Structures are given as C-alpha cells and as structure tokens.
There are 2 protein chains.
Amino acid sequence: MDSFKHINSDNPNSLSLRVFKEIEDMILNGEIQPGENLIESKLSSQLGVSRTPVREAVRMLERTGLVQIVPNKGAVVLGIDDQDLEDIYTIRMLIEGLASRWAAERMTEEQIRELGEIIDLQEFYTMKNSTEHINHLDSQFHEKIFEYCNSRPLQHTLSDLHHMIKRYRKISVGSTGRADKAIAEHRQIFEALAEHNPDTAEKLTIEHIANAKENLLKIIREKRN
Amino acid sequence: MDSFKHINSDNPNSLSLRVFKEIEDMILNGEIQPGENLIESKLSSQLGVSRTPVREAVRMLERTGLVQIVPNKGAVVLGIDDQDLEDIYTIRMLIEGLASRWAAERMTEEQIRELGEIIDLQEFYTMKNSTEHINHLDSQFHEKIFEYCNSRPLQHTLSDLHHMIKRYRKISVGSTGRADKAIAEHRQIFEALAEHNPDTAEKLTIEHIANAKENLLKIIREKRN
DNA sequence: GTTTTTATGATTGTATACAATTATACATTA
DNA sequence: TAATGTATAATTGTATACAATCATAAAAAC
C-alpha cells in the first residue's frame, strides 16, 4: 500500500509555477481587476515566456477559484461578493471546527510542542506590533492544525477555502485591535488541543472563526464608505 | 457588477475534456490501478491525440484528486483508504447538511416542484428495480439541492467531495436493500425543504448521509472478504 | 435606418520539435 | 561485493507553428 501515500512535493520551481504566482499576485494586488480577461499571448510576452506555461498557470488559477475559464473564449478574473464571503466563513467554521476536533484526538506530544511555539511567537510579535509577522503566524497556526488533524480530504477541502479568501486575509488581522483578541482565542484553542479535548477545541474554533468573520465584514463595510 | 456572475459553460467538448473523461473512466474501471504512473506519450498514442491535451487532462485529474503530479517526474494514480473514505463522509455530512439548510431558506416554488419530480421518478424506478436509473437519480437529487442552495463556495466544496467518492458511489446504492430506505429519507428531506424548514432539513440530511456512509463501509468490508 | 452577411483580426486549441530533467543499466573503483 | 560514477534512454517541461474558433466591423440587403 505504498502507492497511497503522498510524496512531499518539494516545490521544485517550474516555470509554470512561477508564472502562476506572478499572475496570482497581479490579481491579488488589483493590477488585474475582476471582470478582466487574461490573454495568454499578452501575458506570455509580458512575462517573457511562451504561451505553454501561461496556459498551465491559468489552469491552476482556475483551480483556486480566482479565474473562470470559458472554453474557446478565455479566462476571466472572478470577484467574490459579500454573500460569497459570508458563505465561505460559515463553511470554514464547520470544517475548521472539525479539523480542531480531529487534531485534538490525533495530535502527538511533539506536535503540541510545535504549536505551542507558534503561539508564543504570536504573543511576542503582537506585543511588538509587527503586523507582518502577526499575519504570517496567524496563517501558520491554522495551517498547522489542519496538518495535524492528519486527514487528506479535510486538508484538500480547507486549502481550497483558504485560497478563496486569500485576497481578504491580509486586511483581516491587521490594523484593528482584533490581533490581541485573536491570539487570546488561539491560546484557548491550543490549550484544548493540548488536553486532547475535542468538544472544547471544536467549539472554541467555531467561535474564533465567527469572530474573525464579523471583524472582516465590518472592515470591508468601513472601507466601502 | 456583471463580471461576478458565472457563465454557464455549456461544455463545448474540447479534446482535452474528452481525454480527461477517457482516462478518468480507465481509472474508475480499474484499468489503471492506484500506484501506476500516467505516461503522457503512451496515453497520447493510445488515444490518438497529441501530448498537449493529455497533459491538460492529467492536470484536470489532479484537480479531482484522482492523481498526484510530482514535478518533473509525472503523475501517479492515487488510492483512498478506509480512513479517507470515512473522513470524506463526515465532511459531507456537515457540508450537505448546510446545503439543505440554505436550500430550505432560499429555494423557489419552481425549484421545489422540480425536486418533487425527481423524487417521484426515484420511487417509480425503485419499484421497477432499475439500478441504472436509481443511481443516476440519487446523484441528481443531491446535486439539485446544492444547486438550489445558491452558494458558489458551497457548490465548489461539495463538487470536490463528490469527485473524491465517485469510485464508490456506484456500489453504494446498488445491489442491497438500501435503495428503498434511501428514497424514503429523500422524501422526508424533500418535505422539510418544501416547508422551508431549515433545521429539520439539515438534521435529516446529516442522518441520511450517515446512513449512506455506514452502508458503504459495510459493503466494502464484505467485498474484501 | 436596421438587420443580416461577410471578411478580417484576435484569441484559443492542438500538434510537433526541442530542451531539461530524471531513471536505468552498465562500468569502474574501493 | 557494495558503492559510486557515467552513458544512454525515457519522460517531462517549454517553445513554436499551425488549425479552429470567436469577436469585430464594414458591406450588403431589406
């Protein structure tokens, strides 16, 4: 049953992957706006590569939900509206709740130690007000949990959801007073995990994401006015 | 904000798509076994097309989770073990439960009528013992619900999950006495949806999928012995 | 003046050629 | 013999050329 295991693909950068990331950045930074068409020939000359890796990159972008491909017509950049965003967070509540539940059941002592270190770092950088680090560690905390829950299907599902909200995460934690609260919540979740208490871990995680959702929606509404 | 809407891509069959389906079938039918490598040149000569559409098809297969691509090395067919299968069904319980909840809230009268017709057909073909039709309608019932819940993120998530278990669905409903029970459950879910009763619809859907899961695991264990 | 047709250009889809990488078998050395 | 290096073959990655499809605008028909 060796063939069933995942091989840890160590990201040996291919051109397609580089192009994928470059186009993704352009979209995330607003250089390319929702509604615009991605034209393979333009992108390829712009990036100095042939059309083939661009094509593959566009296919990867479709997979992340950033783009929709219409056969024989091309790829158009998709936006997401408020309803979509709310739905994504509601789904995340359920799925990440489940992830915490399973992590609480399945985590090893070594993994608990590792997660503890992340929390310590988070508290450190929050005191220092280093937004850059805070955002990165926030992502890392969530990613570690769904690594430790040790379920390929769940990881797959969650990674899709996280891709969808990549555009918004940067504003979610930054700027407001949410960072302090978020970390206090992380600490609580961590303790439930460390005690192998699935019910509490799940409940706290759901609340945590519900709070993040409210905060994000609030910020977005403010930005619009 | 026109650009945000999905264009109903009416499947204008491209070669890549045809090739995708052919390879998918080969894997689903066991012609290509988990652990085997997909070799582009072989497949292209075997199917009488060039390597380009084969490459694109393999990328699509990776997206459905049937295959894993290791850069510079190729694509290997993935299997899923019992734990994966259980996890998928647990996730499905949550997600389809949510789909039913939202469908109950958002469904139109016209959609209720349509869904009712599917149920009627299901009952008809179950009396006739037409396994072919039963399986198809079972899929259709679930797909209609997450079409009617009208949430793109949820649809995306669920369609991934359904792809993952495509290999198993054919044996799930067939052969056993499960079909009768399944349809009775569908009927109950339908009534909750028609009454716009989210709580009941969600609860019944979760139970329904839990039952399907037990049934599937039982069948698989029997087949192994 | 409006609609339909037709021609042209732009863009995507597919095939093929070549480059880069990886796997395999054999030889070499300790 | 085991380990390491090297040559060759197999395979994937990328570039380019051509075919098919679609979008646009001018011309023709009404």
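Per-structure values
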read-out	value
Shape of chain B, Cα gyration tensor, a/c cut at 1.5	prolate
Centre separation in Å (Cα based) which lies between the range B:15-54 and the range B:198-225	32 Å
Buried area at the A-B interface (accessible, heavy atoms, 1.4 Å probe, summed, Å²)	3700 Å²
Dipole magnitude of chain A, debye to nearest 20 (Cβ charges: Lys/Arg +1, Asp/Glu -1, about Cα centre)	820 debye
Structure-based [θ]222 nm, the protein assembly as shown - -39500 (n - 2.57) summed over DSSP H runs of at least 4, per residue, nearest 500	-24000 deg cm²/dmol
Angle between chain B longest axis and helix B:82-106 axis [Cα atoms, degrees, rounded to 10]	50 degrees
Degrees, to the nearest 10: A:51-64 long Cα axis against longest axis of chain A	40 degrees
The protein assembly as shown, accessible surface, carbon-and-sulfur percent (1.4 angstrom probe)	49 percent
For the range B:22-128: rounded, prolate or oblate by the Cα gyration tensor [a/c cutoff 1.5]	prolate
Dipole in debye (nearest 20) - the protein assembly as shown, about Cα centre, beta carbon charges: Lys, Arg +1; Asp, Glu -1	1180 debye
Share of pairwise Cα separations in the protein assembly as shown, more than 43 Å, in percent	15 percent
Unit charges on C-beta of K, R, D, E only; dipole of the range A:15-77, Debye	240 debye
Backbone HN-Hα couplings from phi across the range B:32-45 [Karplus 6.51/-1.76/1.60, Hz, Gly and Pro as x]	10, 8, x, x, 6, 9, 8, 9, 4, 5, 4, 4, 5, 5
Förster radius 30 Å - calculated FRET efficiency between B:Q46 and B:R224, Cβ distance, rounded to 0.05	0.45
GluC sites (Glu not before Pro), loop per DSSP, at most 16 other Cβ atoms within 10 Å - longest free stretch of chain A	A:37-194
Over the range A:15-77, equivalent-ellipsoid semi-axes from the Cα gyration tensor in Å	15, 13, 11
Probe 1.4 Å, accessible area per residue of the protein assembly as shown, Å²	50 Å²
Around B:I88: net Lys/Arg minus Asp/Glu count, Cβ-Cβ under 13 Å	-1
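The values are calculated or read from the model by the stated rules, or taken from the named source; none is laboratory data. Because the structure is predicted, anything quoted here is derived from the model rather than measured. Neighbour counts are summed over all protein chains in view; Cβ atoms, including those assigned to glycine, are modelled from backbone coordinates with ideal geometry. When the accessible area is computed, the model is the full protein with side chains, heavy atoms only, and any ligands, DNA or RNA have been set aside. Shrake-Rupley method; radii C 1.70, N 1.55, O 1.52, S 1.80 Å.
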